[in-house]
Amino acid sequence: MSTIYILWLRQLKRYVRSRSRMIGSLGQPLLFLVALGYGMGPIFQRAGQGNYLEFLTPGIIGMSIIFTSIFSGMEIIWDRQFGFLKETLVAPVSRFNIMLGRTLGGATVAALQGLIVLAISMIAGFRPVSLAAIPGAVLVMALTAVLFTAFGTAIASNLQDMQGFQLIMNFLVMPLFFLSGAIFPLNGLPPAIDIVARLDPLTYGIDALRTLLIHTTHFGLATDLTVLGVVSVVFLGLGSYFFSKIQI
């Protein structure tokens, strides 16, 4: 447990010390929130769909979480190149504990990012149906963050350089985001897109946030939490397996 705590704390210290990373990671979500929320809002409203800023905010929170979570996997490659990972792996502790500590640390950072985006969106005009739903929303953020941090760890454990990781992420992160229903409703989609959206884990995280924050749901909160929980366990298992196979 001490190893998990130390690695978790190390991830948080990295985040707090890197002010440029904190600010930079908020740039894209805020751009989407302002540009789409206010730019597409009148069109969305004329289509009879209501307030677009309220609909969009849970999607932008999900965007912030998935980007921060998956790209935290890049730190494995950095640590491998600079020798810190070797020092960690030769320690007399299980690799599962090392992977779990890093994953929880990255997930905590991603959840904090999501919470910051929520706070900024409320300043921009977003109003959740009830403030009492925010603790539940934070738990959904944390579960989604654990899922995608473990996913990023599994991918990074199989790569040797940053270029390969960035290439894979460009073919995964953006499709996962755009096909999750973050910026458009899931009702009435073409069958092919609907199937892909249902296979996207981020879809259920965003739907759970919408359920809690604006009382709008597509699958139902129970389904969302079940899928997030099951997929999180699967990705934690895959991340642990591939991390245990890293050669030093």
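The values are calculated or read from the model by the stated rules, or taken from the named source; none is laboratory data. Predicted model only: the values in this text are computed from it and were never measured. Cβ placement follows ideal geometry from the backbone for every residue including glycine, while neighbour counts extend to all protein chains displayed.
Key figures for this structure:
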| item | result |
| --- | --- |
| From THR226, THR217, residue being part of a helix (DSSP H, G or I) and of a type in the set (S, T, N, Q) | THR226 |
| Only one of LEU176, LEU189, LEU199 that is under 25 Å from VAL233 (Cβ atoms) and surrounded by 15 or more Cβ atoms within 10 Å (Cβ to Cβ) | LEU176 |
| Long-range neighbours under 7 Å by Cβ, at least six apart or interchain, first residue within 14 Å of ARG210 (Cα to Cα) within segment 183-195, second assigned to a helix (DSSP H, G or I) | ILE183/LEU36; ILE183/LEU56; ILE183/GLY59; LEU186/ALA197 |
| Filtered residues of segment 105-143 (kept if among the small types (Gly, Ala, Ser) and closer than 12 Å to LEU213 by Cβ) | GLY114, SER121, SER130, ALA132, ALA133, GLY136, ALA137 |
| The lone exception for ALA145 - which of (1) closer than 17 Å to ILE66 by Cβ; (2) of a type in the set (A, V, I, L, M); (3) at pLDDT below 90 it fails | (3) |
| Extreme residue, modelled with the highest pLDDT, among residues of segment 223-248 that are buried (at least 16 other Cβ atoms within 10 Å of the Cβ) and polar (S, T, N, Q) | SER232 |
| Selection status of VAL196, under 21 Å from THR217 (Cβ atoms) and β-branched (Val, Ile, Thr) | yes |
| Candidates ALA154, ALA133, ALA119, ALA137, filtered to the one that is without any contact (Cβ under 8 Å) to a residue 12 or more places away in the chain, part of a helix (DSSP H, G or I) and over 10 Å from the mean Cα position of the chain (by Cα) | ALA119 |
| Count - residues of segment 196-223 that are over 23 Å from THR153 (Cβ atoms), touching a residue at least 24 places away in the same chain (Cβ under 8 Å) and touching an Asp or Glu at 6+ places or on another chain (Cβ under 6 Å) | 3 |
| Conditions (1) touching a Leu at 6+ places or on another chain (Cβ under 8 Å); (2) part of a loop (DSSP other than H, G, I, E, B); (3) at pLDDT below 85; number of the one not met by LEU159 | (1) |
| Conditions (1) closer than 25 Å to VAL230 by Cβ; (2) modelled with pLDDT of 90 or more: number failed by THR153 | (2) |
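Every residue, every condition in (1) modelled with pLDDT under 75; (2) closer than 25 Å to THR203 by Cα, yes or no:
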| site | (1), (2) |
| --- | --- |
| ILE6 | yes, no |
| TYR15 | yes, no |
| SER18 | yes, no |
| ARG21 | yes, no |
| LEU31 | no, yes |
| ILE60 | no, yes |
| THR68 | no, yes |
| PRO92 | yes, no |
| MET99 | no, no |
